[in-house]
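Here's the structure we're looking at; comments come further down.
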Amino acid sequence: MKRKRLLTVACSLLVAVASNAQDGKICTHIEGEVADTAVQVIRVRRVDQNNSYIYTDTIPFANGRFSYDIHTAEPAVYSICAYNKRWIGRAVDFFAEGDTVRMKFVPDDSPEWYSASPLNKELHRVNGMTDSIFLHYQARFAKYADYDSLSEYERKEYKALSDSYHGQIKAFRLGYMRKNPGLVGLFMLLSGASGSLMTAWRYVKWHPSMMMSMPASFPVSTFRNI
């Protein structure tokens, strides 16, 4: 129960509870391009305080383009997701903090996106650093592309390589969170590759002062009581 409460509170810190869309004082504008002809549906989602995705809207697109406005009371984490007819898709995760977010969905690759807002610029920079770690491993992973045909020894090699890669990502993210307390660090904490739920507890122990800079609506008092 304590670990579940820990994750819930960490999500509460990361995701500001948005007011009614019409009353939001922050407007984030989305400009999107769809260069992948397999895309059939564009959807908007946000992360709630239980670390679950909630789909909030569907965005129409025509001639490979779409636009959308997100209204929030305070900065919040949102995603724009592009799905094919089998509901297989890719997403752009970003902070809705009052700037324009531009994105492009391309075939067989991660979406391209950019925003000049401070949190998004930092998130983009950190994503680029984790991407560079993957590129270092990419050629080595290619050897094991046909997993079903691998021998038992080769599968052990693949597992060792995969463990090494995920260990590098985890070490990088934990190191980043230690040196850079804030919402981007919490976002990475909850993204799945940064470690166990108890990492949240350690993160706050490293930087208890970060709570003092959170917006007033975040449940800081609950976090202090963990």
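The values are calculated or read from the model by the stated rules, or taken from the named source; none is laboratory data. Remember, predicted model here, so these are calculated numbers, not experimental data. Every residue, glycine among them, receives a Cβ derived from its backbone with ideal geometry; neighbour counts consider all protein chains shown. Accessible surface areas use protein heavy atoms only, side chains included; no ligands, DNA or RNA. Shrake-Rupley method; radii C 1.70, N 1.55, O 1.52, S 1.80 Å.
Among the residues making up the stretch 130-157, those that are open to solvent by 70 Å² or more (accessible area, probe 1.4 Å) and among the hydrophobic types (A, V, I, L, M, F, W, C) are Phe134, Leu135, Ala139, Ala145. Scanning the stretch 94-114 for residues that are farther than 20 Å from Gly64 by Cα and assigned to a strand (DSSP E or B) yields Phe94, Phe95, Ala96.
Just one of the listed residues (Tyr137, Tyr144) is under 20 Å from Gln168 (Cβ atoms) and in a loop (DSSP other than H, G, I, E, B), namely Tyr144. Pairs are defined by a Cβ separation below 6 Å, a sequence spacing of at least 6 or placement on different chains, a first member in the stretch 58-81 that is closer than 23 Å to Gly182 by Cβ, and a second member that is open to solvent by 70 Å² or more (accessible area, probe 1.4 Å) and assigned to a strand (DSSP E or B); the pairs so defined are Tyr78/Arg46. Exactly one residue out of Ser132, Ser151, Ser213, Ser221 is at pLDDT 90 or above and over 19 Å from the mean Cα position of the chain (by Cα): that is Ser151. No other residue among Ala139, Ala91, Ala116, Ala73 is within 13 Å of the chain's Cα centre (by Cα) and aliphatic (A, V, I, L, M) apart from Ala91. Counting the residues of the stretch 109-129 that are surrounded by 19 or more Cβ atoms within 10 Å (Cβ to Cβ) and aliphatic (A, V, I, L, M) gives 2.
For the stretch 27-45, filtered to residues that are among the polar types (S, T, N, Q) and in a loop (DSSP other than H, G, I, E, B), the residue that is surrounded by the most Cβ atoms within 10 Å (Cβ to Cβ) is Gln40.
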